[in-house]
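First the structure, in the form of structure tokens, and then the observations on it.
The values are calculated or read from the model by the stated rules, or taken from the named source; none is laboratory data. Computed from a prediction, not measured in an experiment: that's the story for all the values here. Don't worry about glycine lacking a Cβ; one is built from the backbone with ideal geometry, like all the others, and counts go over all protein chains shown.
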Amino acid sequence: MNTGKSVRLFLADGKPGGLLTAEIMNWTGHVAAAPRSDLAALLKRPEATRTGIYILLGDDPNGLGGQSAYIGEGDDVSKRLYQHARSEDQNGKDFWDRAIVLTSKDANLTKAHARYLESRFITLALQASRARLLNGTTPPPIVLPEADVSDMEYFIEQAKIVLPVLGVNVFRSPATTSTTLQGQASSTRADSPLFEMSLRKFGITATAQEVDGEFTVFEGSIARLKWTGGEGHSYTSLRAKLEQDGTLVPTPDGSAMRFTRNHVFASPSAAAAIVAGRSANGRIAWLIQGTRRTYGQWETEGVEEAMQQEVSNE
């Protein structure tokens, strides 16, 4: 059974696109986020002067997920952010337009804790492959007492819940194949059954799953060798980007393309189009593995069940 989480958001200036803070009940961590235009307000907040982690985010049309990121730590995070914001910064960190600060409400994070968190967050970002990471190195986690490691891993798990609520997905690893039985949806519908898309004419088969609201095509799936949907199609650039960043590579016999890693798509139709090499309706193209039931049919099952329950309660 899934346990709900209460995430408290506070818009510091009353604007949805401005400075905001986020907390989880019974978690000592604290998150503050602000666009670069509001950096001055962020630096004035007391939590920004504590020991912690910061994440710099910026657009990168040619990078993974269309985003670049830099992860750092500091005894006084505000000083590090100030250094990154200086116009004369020559360290290649002037790409960013948003800053995220993770600290502790009880001020118990030490320099050692911050260095451990920095290393772990960098590793998670590399594993997730959601953004082009601009950190030059990946420092190994420093040795901490067992109890401290447990505390820091809990800190990370809670941060991974809060950050996506703020639209920060750089640490969200694409789903791995679920143990859900083929053809069966989970009882909570949090994880979908496995879906399969086949183009028998070209010997192409791809598998995917929707987890936490994200549609992921799995590593090893096969896609059409070339894009045939026309240069002006909306998915033309996406297909080119996946080939450029190595997500799609030719199969050994050169007859098709293969996914080298799990990849999250904005929709089932986007995934279907990349696999088919042309426009495709993902709600119809993806079938529950081993059945003829479509993604669209699976998706509406929950709605029908809810409506039937509502009628029975009247």
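Structure summary
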{"quantity": "Cβ-Cβ under 7 Å pairs, at least 6 apart or on other chains, segment 22-39 side within 17 Å of residue 153 (Cβ to Cβ), far side of a type in the set (Phe, Trp, Tyr)", "calculated": "29/155"}
{"quantity": "Near pairs, Cβ below 6 angstrom, 6+ apart or cross-chain, from segment 232-244 (among the hydrophobic types (A, V, I, L, M, F, W, C)) to any residue that is surrounded by 17 or more Cβ atoms within 10 Å (Cβ to Cβ)", "calculated": "242/248"}
{"quantity": "Residue that is modelled with the lowest pLDDT [pool: residues in segment 223-257 that are of a type in the set (Lys, Arg) and in a helix (DSSP H, G or I)]", "calculated": "241"}
